[in-house]
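> Let me begin by handing over the structure; questions about it come next.
The values are calculated or read from the model by the stated rules, or taken from the named source; none is laboratory data. Every value quoted in this text rests on a predicted model; they were computed, and no experiment measured them. No Cβ is skipped: glycine too gets one built from the backbone with ideal geometry, and neighbour counts run over all protein chains shown.
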Amino acid sequence: MKVCQNMPLQNNHSAKNNYGICHPFIKWAGGKSRLISQLKNFIPEEFNNYFEPFVGSGALFFYLTSSFKIKKNFSLHLSDINSELINVYKTIKDDLKELIKELQYNENEYYKDPKKFYYKLRGERFPFDSIKEAARFITLNKTCYNGLYRVNKSGIFNVPIGSYIKPKICDFKNLTKVNRIMSIRNTTIENYDYQKISSKIKENDFIYFDPPYFPLNETSNFTNYTSYGFDISQQKRLANFFNELDKRKCKILLSNSDTTIIRDLYSSFKENIISLNTLRSINSNAEKRKNHSELIIKNF
């Protein structure tokens, strides 16, 4: 199967939708916004439904929905094991008006005294409801160091404040577009382990896996997006699931670090392992963010 190279596609993917171009509403370590110009070339030419089970900031999802005219019977499935993250997606879809109010309040309070408000908000353990929890998540994400989501073993967010001057905590226009796309399109949002998509997936569906990357070394492990972590045993489990879906004739695209271990886990697809140059957003030294590579692995 050929990949698309800015050509007309059977699903009319080259046409823009009627809902407005939107972009990820959060920053996310390992997010694919910077790689979309390369990643889009590996989207299969034709497919049925779309699944993104490590949704994170959803960069590829937003590219697909903003750039493509999707068929009416084309369904989109977003999921993640991070319950706080999924709550944000659901709140944007179902309770945007109330979320906007909370974000506007947080933005005003943050501008008065950034450090005081940030650590007060970060210290809250049990927000009152799902809307306040979603607003807290977005606010901390927009104001923490490098947009890094990290929790300790107790599941408590512990990233220090970042250095920002009046960050846009309440991005009304983009959130409205995100709400419109998720509400009009057939988009389901679920909080569960990625393997639970197995019962929903059918032949010719397209799945994009963007898991926490296998670390390049002991000091580059930023995989604590939940208190469960994502170690080598989890990487092996994902590789086995990749093979299972391949046998079911699904179309699969996966991103991960360019390491010997990852190449070995997907050695059955070595003809379809591609190395991409990328920029890392986490390292505190800007020079060390450059000239890195990561892998794209596909089965089509």
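> Would you point out which residue out of K132, K142, K166 is within 19 Å of Y89 (Cα to Cα) and either in contact (Cβ under 8 Å) with a residue 40 or more places away in the chain or of a type in the set (A, V, I, L, M) (or both)?
Step by step, each of K132, K142, K166 is checked, and only K142 is within 19 Å of Y89 (Cα to Cα) and either in contact (Cβ under 8 Å) with a residue 40 or more places away in the chain or of a type in the set (A, V, I, L, M) (or both).
> If only one of Y89, Y119, Y105 is under 20 Å from the mean Cα position of the chain (by Cα) and assigned to a helix (DSSP H, G or I), which one is it?
Within the list Y89, Y119, Y105, the selection yields Y89.
> Among the listed residues N179, N174, N146, identify the single one that is crowded, with 20+ Cβ neighbours inside 10 Å and under 19 Å from the mean Cα position of the chain (by Cα).
N179
> While we're here: Name the strands (runs of 3 or more DSSP E) wholly inside segment 179-259 in which the number of residues that are among the β-branched types (V, I, T) and at pLDDT 95 or above is 2 or more.
The qualifying strands (runs of 3 or more DSSP E) are 186-191.
> Moving on to the next point. Which one of these is acidic (D, E), under 30 Å from K202 (Cα atoms) and in contact (Cβ under 8 Å) with a residue 12 or more places away in the chain: E84, E107?
None of the other options fit; the residue is E84.
> Scan segment 43-92 for residues that are over 25 Å from A135 (Cβ atoms) and acidic (D, E) and report the count.
2
> Do you know which residues across segment 1-54 are surrounded by fewer than 19 Cβ atoms within 10 Å (Cβ to Cβ), modelled with pLDDT of 90 or more and in contact with a Leu (Cβ under 6 Å, 6 or more places away or on another chain)?
The answer is Q38, and nothing else.
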